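Read through the structure below, which is laid out as structure tokens, and then see the notes.
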Amino acid sequence: MSAANLLSPQLKLKDSTYICPMIRIGSALVSEDLLERQFACDLNACHGKCCVAGDAGAPLTQEETATLQSIYTNVAPFLRPEGREAIAAQGTSIVSQSGDLETPLVNDQECAYVVFDEHQTAFCGIEKAYRAGAVDWMKPLSCHLYPVRALELDELTALNYHHWPICSAACDLGKLQKTPVYQFVKEALVRKFGRNWFAALEAYDQNKIPN
């Protein structure tokens, strides 16, 4: 399928507070925030707070829970003792009170798969294992996509930008580097939708008429 065949007219989704402009690219509804906002992680400023802050683990799919279980033996050596203890007690994944699949937490704080460097910057232990060649799966897609959140609808996936004050430094760096959100998460978007899909999104961004 060519990139041009993937493009569709603009759509709008409405919730209780605002109308969010969306465009349809193949099987995805993409918030224009992904094109119009800038973002680039600045770990020197935030120290990976997105892996620590909040009251829930990383969202998982059913397939990802099975993957985590199958690779855990190879991931475990890369984790902190606290993370391994949390996983031993809770499992490689959990079902939240709301029924969502998530990664477990350490003492209701950071993700159990988080590791810290000498500067107390948080990194993903699963990705550390991946970079070392111990596993062939990088990390949950929800983490890879951040600050983009994916919502699975009946036949489409809605992609929205998640604004979080702790990422203000990333917004500043993104503006400085002129990096649109969708370009920052290119690798994750290609992982989920494929290169042709991303090329279609890129073509839309390059050819859209300015407001």
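Taking amide hydrogens as placed 1.01 Å from N in the peptide plane, the amide H of Ile25 sits under 5 Å from those of Val30, each at least 5 positions away in sequence or on another chain. The convex hull around the C-alpha trace of segment 140-211, projected and averaged over every direction, spans 6.0 square nanometres.
Packing, as the average of other Cβ atoms within 10 Å across residues, places the peptides 45-57, 21-33 in the order 21-33, 45-57, highest first. Helix content alone sets the calculated 222 nm mean residue ellipticity of the chain: runs of n ≥ 4 DSSP H residues at -39500 (n - 2.57) each, divided across all residues, give -10000 deg cm²/dmol. Applying both filters, DSSP loop and at most 13 other Cβ atoms within 10 Å, to the GluC sites (Glu not before Pro) of segment 107-211 gives Glu118, Glu155. Computed 3J(HN,Hα) for segment 106-119, one whole-Hz value per residue from the Karplus formula 6.51 cos²θ - 1.76 cosθ + 1.60 where θ = phi - 60°, is 9, 6, 6, 10, 6, 4, 5, 8, 6, 10, 10, 8, 5, 9, glycine and proline marked x. Between the amide H of Thr157 and those of Ala28, Leu29, distances stay under 5 Å, these residues lying 5 or more places away or on another chain, with hydrogens modeled in the peptide plane.
The string of couplings for segment 50-66 from the Karplus curve (6.51, -1.76, 1.60, θ = phi - 60°) is 5, 8, 10, 6, x, 10, 8, x, 6, x, 10, 8, 4, 5, 5, 5, 5 Hz, one whole number per residue in order, with x for Gly and Pro. The C-alpha atoms of segment 53-144 occupy a region whose extents along the principal axes are 34, 27, 24 Å, arranged from largest to smallest. Scaling against 2.2 N^0.38 Å puts the C-alpha radius of gyration of the chain at 1.07. In this simple spin-label model, placing a label point 7 Å from the Cα along the Cα-to-Cβ direction at both Arg80 and Glu36 gives a separation of 3.9 nm. Under 5 Å from the amide H of Leu105 lie the amide H atoms of Ala112, each residue being 5 or more positions distant or on a separate chain, with H modelled from the backbone and absent for Pro and chain starts. Annotation note: trypsin sites (Lys or Arg not before Pro) in segment 139-187 located in DSSP loop regions with a Cβ neighbour count of at most 13 within 10 Å are Lys178.
DSSP assigns beta bridges within the chain; of those with both partners inside it, close to 90 percent run antiparallel. Phi-derived couplings, Karplus 6.51 cos²θ - 1.76 cosθ + 1.60 at θ = phi - 60°, listed residue by residue for segment 31-37: 5, 5, 4, 5, 9, 8, 9 Hz, with x used for Gly and Pro.
Values in this text are rule-based calculations from the coordinates and carry no lab data. The structure displayed is predicted, hence computed values, not measured ones. Neighbour counts run over all protein chains shown; Cβ positions are idealised from the backbone, glycine included.
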